[in-house]
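Here is the structure we will look at.
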Amino acid sequence: MRMRPPILIAVLGCLAVLGLLVAVGFGSGSVGPRQVAALLAGGADPTAYQVVVELRLPRALAAFGTGAALALAGALMQVLLRNPLADPYILGTSGGAAAFTLTAMLLGTTGFAVGASALAGALASTLLVFALAHRGRWAPTRLLLTGVVVAAGWSALVSLLLAITPERNLRGALFWLMGDFAFAGNPTACLLIAASGTAACFALGRSLNVLAAGDQQAALLGLPVRAMRIGIYFLTALLTATAVVTAGTVGFAGLVVPHLVRLLAGADHRAVVPGAALAGGTLLVLADTVARTALAPRQLPVGAITALVGVPLFLFLLGRSQHGSS
C-alpha cells in the first residue's frame, strides 16, 4: 500500500517521537511512564530527572542517530550498487571501522582517537575496494564482489584481535561488536552527522533518482557521475563509521528499512531518504529498549534484536517483491 510522501513522513515522525517516549519511559529501574509524564509537566523528583534526562534520553538519542545513519547509508548503497541486497556493510566499510576501532581500544586510546580510528578504517576499506575493483570503471557487480571479499578479510582480522584481547575486556568487546549502546556517551555528533547526511541527500534527491537508473543515462542527462559516486561513497563511509563507533556492528537496519520505505513511498529518494532516516532511528530506539528491558537488569546485544526482527521482515519483503514481479 503506497502512501503520499508528506503523509508517510508525518506518520514516521510521530512514530519517532512515540518511540523516544517509550525508550525514556521504560527501564529496569522504578522510573516509569508516570514519572516521565510528571517530568514533562515540570513536577518530577530529582531521581526521575537524573534517570530520564541524564541516562535514558542520551542513550535513546544515540540509538536514533545510529539507526538513521545506517538506514541512510543502506539506501545510498542500494542506489549506487543498484542492488537491493546492498547495505552499509557490503563493501567492508563496517569491517574496516570495527577492526581499526578495536585496535585503538586494545592500545588504550579513548575519546576522539577511537572515532578517528573508526573513520580511518571505514575510508581505508572503501579505498581498498575501489583500488581492487577498478578496471577502467567501477562496475557495480565487481565492486560488490570485491567488497564481500574485503569484508571477509576484515572479519578474520577482527577475530584475530578478539583472540588476543585480555579476558577482562573480552565480554565488553564482544558486546560492542554485536551492538551495544551502554557506553554510547554524548549523542550530539551522531545526531548531527545523521541529520546533515539526510539533509544533503534530500537536496540531491532528483540526482539520486537519475543515478539509480544507471550511469549511462545519468551521464546523458549531465550528471557528474564519477564525482557524485565518490562523494556519496565518502558520505556512506562517514555514516557507517559514526554508527560503528557509537554502537558497534548493528545488522539489518541498513538493509531492511530502505526496502520497507520504498514499499510504502515508491522509489523517489526525496521521500526515501527522510523516511529511511526516521524509520531506521525508530527501529534502533525500540530495539535498544527491548534489549535493556527484556531480561533486566541484564542487557542483550542490540544487533541480536535487530536480526530477530530483520530476518523475517526481509524474507517477507523478498517474497512480496517476487510475487509482484511474477
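Calculate the FRET efficiency for R298 and V53 from the Cβ-Cβ distance with a Förster distance of 25 Å, rounded to the nearest 0.05.
0.55
For D180, D45, what ranking results if the residue with the fewest other Cβ atoms within 10 Å of its Cβ goes first?
D45, D180
If I take R0 = 35 Å and measure r between the Cβ atoms of L170 and L263 in this structure, what FRET efficiency does the formula 1/(1 + (r/R0)^6) give, to the nearest 0.05?
The value I calculate is 0.30.
Provide the packing ranking of 2-13, 269-280, i.e. peptides ordered by the mean count of other C-beta atoms within 10 Å per residue, highest first. Could you put the intermediate results ahead of the total?
Working: 2-13: 14.8, 269-280: 27.4.
In descending order of packing, they fall as 269-280, 2-13.
Got a sec to turn the phi values of region 144-154 into Karplus ³J(HN,Hα) couplings, 6.51 cos²θ - 1.76 cosθ + 1.60 with θ = phi - 60°, whole Hz, x for Gly and Pro?
Per-residue couplings from phi come out as 5, 5, 5, x, 4, 5, 4, 4, 5, x, 4 Hz.
Pop out the ³J(HN,Hα) list for region 60-65 in order, Karplus 6.51 cos²θ - 1.76 cosθ + 1.60 with θ = phi - 60°, rounded to Hz; leave Gly and Pro as x.
For region 60-65, the Karplus curve yields 5, 5, 5, 5, 5, x Hz.
Quick one: what are the phi-derived ³J(HN,Hα) couplings along region 241-251, Karplus 6.51/-1.76/1.60 with θ = phi - 60°, whole Hz, x for glycine and proline?
4, 4, 5, 5, 6, 7, 9, x, 9, 10, x
Every number in this text was worked out from the coordinates using simple rules, so none of it is lab data. Keep in mind that what you see is a predicted model, and the values were worked out from it rather than measured. Here Cβ is always computed from backbone atoms with ideal geometry, including for glycine, and neighbour counts include all displayed protein chains.
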